Amino acid sequence: MRFYLDSMVWIYALEGNPHFGAASQALLRSIRAGGHTLLTSDFLLGEILVAPVRKSDTFTIAAYRRMMLDSAAVEIVPFTADTALHFATLRATLRTHPADSLHLALAASGNADIFVTGDSKLSKLSVSGVGRVVDLSFQLH
């Protein structure tokens, strides 16, 4: 299966969030153990790099870049003209926040089977091109 995790799921896992870190880390382990594909984007990379850049933590910056860009299990979804149209459609019809709309449009462009979000409100959405939108309570079996 193809999974797109929104930036907060990654941030929870990478920064060890006390409330959602364990669930995010467990989900990532399950996805990797199952041989599934993780979809990501340059935009998502930019979002997860904010904290290490703020701290001038060059080691973590390099580690996050390698994790996202140099892994066979990770596929980078490009932002294309079709993605832009999907983004605009989501913003216009669902009135979602710009970053959420962008992640959802990228997930659709990458033909994501599952979009995992830290925002339970988003999990109620049905998005063309995305199999299911789920929150962190999702369990991969």
For the chain, with the dipole built from +1 on Lys and Arg beta-carbon atoms and -1 on Asp and Glu ones, taken about the Cα centre, which of S137, T83, L27 lies farthest toward the positive end?
S137
What whole-number value in cubic angstrom gives the convex hull volume per residue for the C-alpha atoms of the chain?
107 Å³
If we count other beta carbons within 10 Å of each Cβ, what is the order of D119, D82, D6, fewest first?
D82, D119, D6
Pairs of Cα atoms under 8 Å, at least six residues apart: use those to get the relative contact order of the chain, whole percent.
28 percent
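Taken together, the values in this text are just the output of simple stated rules run on the coordinates, not laboratory data. These figures come from a predicted structure and were not determined experimentally. Cβ atoms come from the backbone with ideal geometry, glycine included; neighbour counts cover every protein chain shown.
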